[in-house]
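Asks: Before we start, here is the structure in question, set down as structure tokens.
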Amino acid sequence: MTDTNAETKAQMQAMENRLMGRISRLERSRRRSGWFTGALLVGLVGSIAVSSAMIFDPSLVSSIQSESTVRAQQFVLEDEDGNLRGLWQLAEDGTVRLSIHDAAGQGRLNLAVLADGAPGVSFVDEEDRRRVVLGLLPDQTSTLVFADGGGVARAVLGVSETGSSSLLFADAEGMSRVSLGLDASGVGGFVLPEVEEPEENTDPQPNN
């Protein structure tokens, strides 16, 4: 242990000698070139001191890392007027959620990872309606949903775990009207709504 300490001190002394030589040369240069080089000199000395301490005292590194770690279950972001502008929290059900709010305090962008590991992103309008939702479900199905101003899903793009993909369009009631897709083998399909034919009048015609 004594030999190690002596070797470490010798290394530090050698480094200090080299650094002092460099600092002396920089100091002479500073007198000629003015304040800018002097500022660089101060920064160099500071960085050298920190670097040397980290090289010969590794415990300082772990101390700095631990001091920069913040642990909590919720972070709240507020503006200068105290309005809520963001929320990052761990819910009781295990969901991790990050919500970004507008100036009125309304959540407009939500990122979440559910307790089962399913991630999702949603874009919200000023009426708190999800207008665009992107998610990866536990069954590995990825889905992108577009909704109208009433919050009704009008278009859905999805890719299943098996590799099949589909695009669906719905009416104002949320009923599927047009869809197209490809199965895992690459065979495509296209579905149109059935057109209801008018009922024929089967009542007998009156005789004139």
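The values are calculated or read from the model by the stated rules, or taken from the named source; none is laboratory data. All figures in this text were calculated on a predicted structure; none of them were measured in a lab. A quick note on method: Cβ atoms are made from the backbone with ideal geometry, for glycine too, and the neighbour counts reach across all protein chains shown.
Asks: Sort out which residues of the stretch 112-154 are among the hydroxyl-bearing types (Ser, Thr, Tyr) and not in a strand (DSSP E or B), and write them in order of number.
Replies: Within the stretch 112-154, just Thr141 meets the criteria.
Asks: While we're looking at this one, here's another question. If I ask for residues that are aromatic (Phe, Trp, Tyr) and over 18 Å from the mean Cα position of the chain (by Cα), which ones from the stretch 71-85 would you list?
Replies: Passing the criteria: none in range.
Asks: While we're here: Just checking, which of Thr143, Thr202 is modelled with pLDDT of 85 or more and out of contact with any His (no Cβ under 9 Å at 6 or more places or on another chain)?
Replies: Thr143
Asks: Do you know which of the residues in the stretch 91-115 that are touching a Leu at 6+ places or on another chain (Cβ under 9 Å) and small (Gly, Ala, Ser) is surrounded by the most Cβ atoms within 10 Å (Cβ to Cβ)?
Replies: Ser99
Asks: Among the residues in the stretch 62-84, are any surrounded by 15 or more Cβ atoms within 10 Å (Cβ to Cβ), at pLDDT 90 or above and not assigned by TED's automatic domain parsing to the domain that holds Ala155?
Replies: Looking for residues that are surrounded by 15 or more Cβ atoms within 10 Å (Cβ to Cβ), at pLDDT 90 or above and not assigned by TED's automatic domain parsing to the domain that holds Ala155, one finds at least one in the stretch 62-84, hence yes.
Asks: Would you tally the residues in the stretch 69-111 being hydroxyl-bearing (Ser, Thr, Tyr) and either in a strand (DSSP E or B) or within 24 Å of Val145 (Cα to Cα) (or both)?
Replies: Number satisfying all stated conditions: 2.
Asks: Pick from Ser176, Ser185: which is closer than 28 Å to Val145 by Cα, exposed (fewer than 10 other Cβ atoms within 10 Å of the Cβ), among the polar types (S, T, N, Q) and at pLDDT below 90?
Replies: Result: Ser185 is the single residue among Ser176, Ser185 that is closer than 28 Å to Val145 by Cα, exposed (fewer than 10 other Cβ atoms within 10 Å of the Cβ), among the polar types (S, T, N, Q) and at pLDDT below 90.
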